[in-house]
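Asker: The structure under discussion is supplied below as structure tokens; questions concerning it will follow.
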Amino acid sequence: MEADRGATSAAPAVPGSEIAAAADGGSAARGWLRLGRDGRLTAYASCAEGLVRWTESAPGSDVWQGPELFPVEGWAGRFTLAQDSNGFVWFAGTRYRDGAPGGRELIIATQYQTGRPLGDWRAVGNPFPEGKRDGGEPPPPPPGDPIVLPDGTGSLHILATRFGAGVGGRTRRADGKWGNWVDYQGKWVRGAVVPLVTTQGRAEFLAPFRGGASYWGQDVPGGDFKWLGRVEADAVEGTYSSCETGPGTGTYFWRHPADGGVIAHRPQAPVGTSPALMPLGGAGGVGPVDVVRTRIGGYDCTVLLQRGSEGYPEIAAYPTEGEQYGTWWAPVGDRCAGLPAISLDARGSVAIAMIDKDGGLLIARQDLTDPGLTFGAWRRVG
């Protein structure tokens, strides 16, 4: 892994209007607020030139560094990210390159320490090589956003989709060796897969299609992915997210097309323990919810954050795996650009983040003196 630790230098500034425009255009990755091993939060966004980052100057501080721009040549404007058990943050994206299949190639990079430069962006190939087409045949659709999925053994999985072609995955083992692309089927998959890693290090994912999703997972950390069944449910494309809500058990969230309300589902829940599809309100919201677990009033709770119908961040909480108790959504701030994000900070309090219409980063933190879930004032930190 040491061989990958090149340093990509950061430019000192990036126009805020460009950040806001990119976020509102769907270029904000879900889960873009992350807690590092040193206790500092980092926020990530995109703009036309590359990746943008803000970093807490100290754990729990209202003084942040950034925005810093990490330019990427040929940047296609979107990225996804994941954090492994070592605290490394992995990024996956797409860049334009002459000679690549369809003119695009999949790339990954790593941030090994909070506030440090990113490693070099590395091309990882493309699972969908271009075949010959007749003169009048239209080009195939571009691939969905690639997903990077680290499991508990140090293996790194890259998953990419293309409508009409399916899901392709490639694995880099802990020793740094890459395997070949594997076909995970799903010819009519729509959008990116939805990843989850349990605290035991076992990785799984959903591959959404119209009317449901295919469910794939490892039997043990580091194992091959196996098909585990189908989820039958209508969903708004691009609105899936996930969270581990019990030992080794993941809950997946998406929006129902009837009203945009949030639905929860646990593919591995024991039969009879809960309804197959559990409504959680939030009608009219857009995009995926961001999710975190914390204790509120002594109870293990799941906290959801969404961009509501009027463009405001909205928050809801309920006892973990107790969806039957219902939720109540409350606005928590002014209109934001793109999706808001949520994380726990160094004190264990819930921190929520948003990018405002001027491209600035705003943070609000849970008031730990209140036994419920209340927040202090929003602070513009970058």
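The values are calculated or read from the model by the stated rules, or taken from the named source; none is laboratory data. Predicted model, so just to flag it, every value in this text is computed and none were measured. Heads up, the Cβs are rebuilt from the backbone with ideal geometry, glycines too, and the neighbour counts pull from every protein chain shown. Side chains included, ligands, DNA and RNA excluded: accessible areas come from the protein's heavy atoms. Shrake-Rupley method; radii C 1.70, N 1.55, O 1.52, S 1.80 Å.
Asker: For the stretch 31-173, what is the accessible area per residue in Å², given a 1.4 Å probe and the full set of protein chains?
Answerer: That works out to 38 Å² for each residue.
Asker: Same structure again: Using the Karplus curve 6.51 cos²θ - 1.76 cosθ + 1.60 with θ = phi - 60°, work out ³J(HN,Hα) for each residue of the stretch 334-345 in order, rounded to whole Hz, and write x for Gly and Pro.
Answerer: 7, 4, 10, 9, x, 8, x, 9, 9, 7, 8, 9
Asker: For the charge dipole of the stretch 312-371, defined by +1 on Lys and Arg C-beta atoms and -1 on Asp and Glu C-beta atoms about the Cα centroid, which residue among Ala316, Ala337, Ser349 has the Cα displaced farthest towards the positive pole?
Answerer: Comparing the listed Cα positions along the dipole, Ala337 ranks first.
Asker: Per 0.36 nm of contour for each residue apart, how much would the distance between Glu237 and Ser61 grow if the chain were fully extended, relative to their Cα-Cα spacing?
Answerer: 59.7 nm
Asker: For the chain, give the percent of accessible area contributed by carbon and sulfur heavy atoms, probe 1.4 Å, rounded to a whole number. Before the final figure, lay out each step's value.
Answerer: Working: 8280 of 16340 Å².
Ligands and nucleic acids excluded, carbon and sulfur reach 51 percent.
Asker: Taking a quarter of the surface of the convex hull around the Cα atoms of the stretch 43-82, what do you get in nm²?
Answerer: On the way: hull surface 12.8 nm².
Convex hull of Cα atoms, orientation-averaged projection: 3.2 nm².
Asker: May I ask you to list the aspartates and glutamates whose Cα is less than 12 Å away from that of Lys357, ignoring any residue fewer than eight positions away on the same chain?
Answerer: Leaving aside aspartates and glutamates fewer than 8 places away in the same chain, those within reach of Lys357 are Glu18, Asp24, Asp334.
Asker: Once the whole set of protein chains is in place, how much accessible area is left on Ser27, using a 1.4 Å probe, in Å² to the nearest 10?
Answerer: 20 Å²
Asker: Taking the stretch 155-193, which trypsin sites (Lys or Arg not before Pro) meet the DSSP loop condition and have no more than 14 other C-beta atoms within 10 Å?
Answerer: Arg173, Lys177, Lys187
Asker: For the stretch 181-187, what does the Karplus curve 6.51 cos²θ - 1.76 cosθ + 1.60, with θ = phi - 60°, yield as ³J(HN,Hα) per residue in whole Hz, taken in order and with x for Gly and Pro?
Answerer: Per-residue couplings from phi come out as 5, 10, 8, 9, 6, x, 3 Hz.
Asker: Find how much the distance from Val182 to Glu310 grows on full extension, using 0.36 nm per residue of separation minus their present alpha carbon separation; answer in nm with one decimal. Don't skip to the end; give the middle numbers.
Answerer: Working: separation 128, 0.36 × 128 = 46.08 nm, distance 4.19 nm.
Net length gain for the segment: 41.9 nm.
Asker: OK, next. Solvent-accessible area of Tyr184, probe 1.4 Å, all protein chains present, reported in Å² to the nearest ten, please.
Answerer: Counting only protein heavy atoms, Tyr184 exposes about 20 Å² to solvent.
Asker: When only the heavy atoms of the protein chains count and the probe is 1.4 Å, how do Asp145, Asp98 rank by accessible area, highest first?
Answerer: Largest accessible area first, the residues go Asp98, Asp145.
Asker: Follow-up question, since we're still on this one. Before rounding to the nearest 500, sum -39500 (n - 2.57) across all DSSP H runs of length at least 4 in the chain and divide by the residue total; then give [θ] at 222 nm in deg cm²/dmol.
Answerer: Only helices count here, giving -500 deg cm²/dmol.
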